[in-house]
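Everything below concerns the one structure shown next.
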Amino acid sequence: MHIFASSRTFEVWQWSPGHIGLLLRSWGGSGDDPRVEILFKPADFVCLPNRMTGINIAMVTDGDMYATVPRVLGRNLTQWENLFVVTSEEMSGWVVGGSANGRSAPESDSREPMFDGWAAREPITDLFTTNTAPR
């Protein structure tokens, strides 16, 4: 299932295994381009570089990558985990986590993430959420 795509450059902004999650943030846009953040929460396993040019995110439940990740982890995914495949111009990687969520806001110099535990408030807007339930 395709979730999100962008030609922007993203970097790992924050990552703590478990419920804090993995936060990717776009950068390098013009002043008119919104800042985009993607949060995988929880994020238990991550195989991504720190910077990706262009990004495409899909949640997968079968195929080669779905068969490969359990071999890398040494165990099967649990009913609470989803596999998100993340591809960019340079690579293909993955995140094992609960849900994926995206938000957008006008570009700013703020280092604070848009995901602060609350619903999006102006000028922040929700782009997507998988809001996935256990399998």
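Report which label in (i) 18.5; (ii) 16.0; (iii) 15.2 holds the value of Kirkwood radius over Cα pairs in Å derived from the coordinates of this structure.
From the options (i) 18.5; (ii) 16.0; (iii) 15.2, the structure gives (iii).
Based solely on its DSSP helices, what 222 nm [θ] is calculated for the chain when runs of n ≥ 4 H residues each add -39,500 (n - 2.57) and the sum is averaged over all residues, nearest 500 deg cm²/dmol?
-2000 deg cm²/dmol
Under the Karplus relation 6.51 cos²θ - 1.76 cosθ + 1.60, θ = phi - 60°, what is the ordered set of whole-Hz ³J(HN,Hα) values for the range 57-74, x standing for Gly and Pro?
10, 9, 9, 10, 10, 7, x, 4, 5, 5, 7, 6, 4, x, 5, 5, 6, x
5 Å is the cut-off here: which amide hydrogens, built 1.01 Å from N in the peptide plane, fall below it relative to Ile3, excluding neighbours closer than 5 in sequence?
Residues meeting the criterion, in which the H sits 1.01 Å from N, are Ile57, Ala58, Met59.
Given a 1.4 Å probe, how much area per residue of the chain is accessible, in Å²?
55 Å²
Using a 1.4 Å probe on the protein chains only, how many percent of the accessible area of the chain belongs to carbon and sulfur?
Carbon-and-sulfur percentage of accessible area, whole number: 52.
Counting other Cβ atoms within 10 Å of each Cβ, which chymotrypsin sites (Phe, Trp or Tyr not before Pro) in the range 54-135 have at most 12 and sit in a DSSP loop?
The qualifying sites are Trp118.
With θ set to phi - 60° and the Karplus curve 6.51 cos²θ - 1.76 cosθ + 1.60, what are the ³J(HN,Hα) couplings of the range 117-126 in order, to the nearest whole Hz, using x for Gly and Pro?
x, 10, 4, 4, 10, 3, x, 7, 10, 6
What is the magnitude of the charge dipole of the range 1-104 about its Cα centre, with +1 placed on the Cβ of each Lys and Arg, -1 on the Cβ of each Asp and Glu, and no other charges, expressed in debye to the nearest 20? Don't skip to the answer; put the middle values down first.
Working: 8 positive and 10 negative charges, 48 e Å.
In debye, rounded to 20, the range 1-104 gives about 220.
Could you tell me how far the Cα centroid of the range 84-99 sits from the Cα centroid of the range 40-80, in Å?
The two parts, judged by their Cα centres, are 6 Å apart.
For the range 94-99, what does the Karplus curve 6.51 cos²θ - 1.76 cosθ + 1.60, with θ = phi - 60°, yield as ³J(HN,Hα) per residue in whole Hz, taken in order and with x for Gly and Pro?
Karplus-based 3J(HN,Hα) across the range 94-99 equals 7, 9, 9, x, x, 9 Hz.
About the Cα centre of the range 43-135, how large is the charge dipole given +1 on each Lys and Arg Cβ and -1 on each Asp and Glu Cβ? Please answer in debye to the nearest 20.
320 debye
Could you work out how much longer the chain between Arg75 and Glu89 gets when fully extended? Use 0.36 nm per residue separation minus the Cα distance between them, nm to one decimal. Mind dumping the intermediate values first?
On the way: separation 14, 0.36 × 14 = 5.04 nm, distance 2.93 nm.
Roughly 2.1 nm would be gained on extension.
The values are calculated or read from the model by the stated rules, or taken from the named source; none is laboratory data. These numbers were taken from a predicted model, which means no experiment stands behind them. Virtual Cβ from ideal backbone geometry, glycine too; neighbours counted across all protein chains shown. With ligands, DNA and RNA removed, areas are computed over all heavy atoms of the protein, side chains included. Shrake-Rupley method; radii C 1.70, N 1.55, O 1.52, S 1.80 Å.
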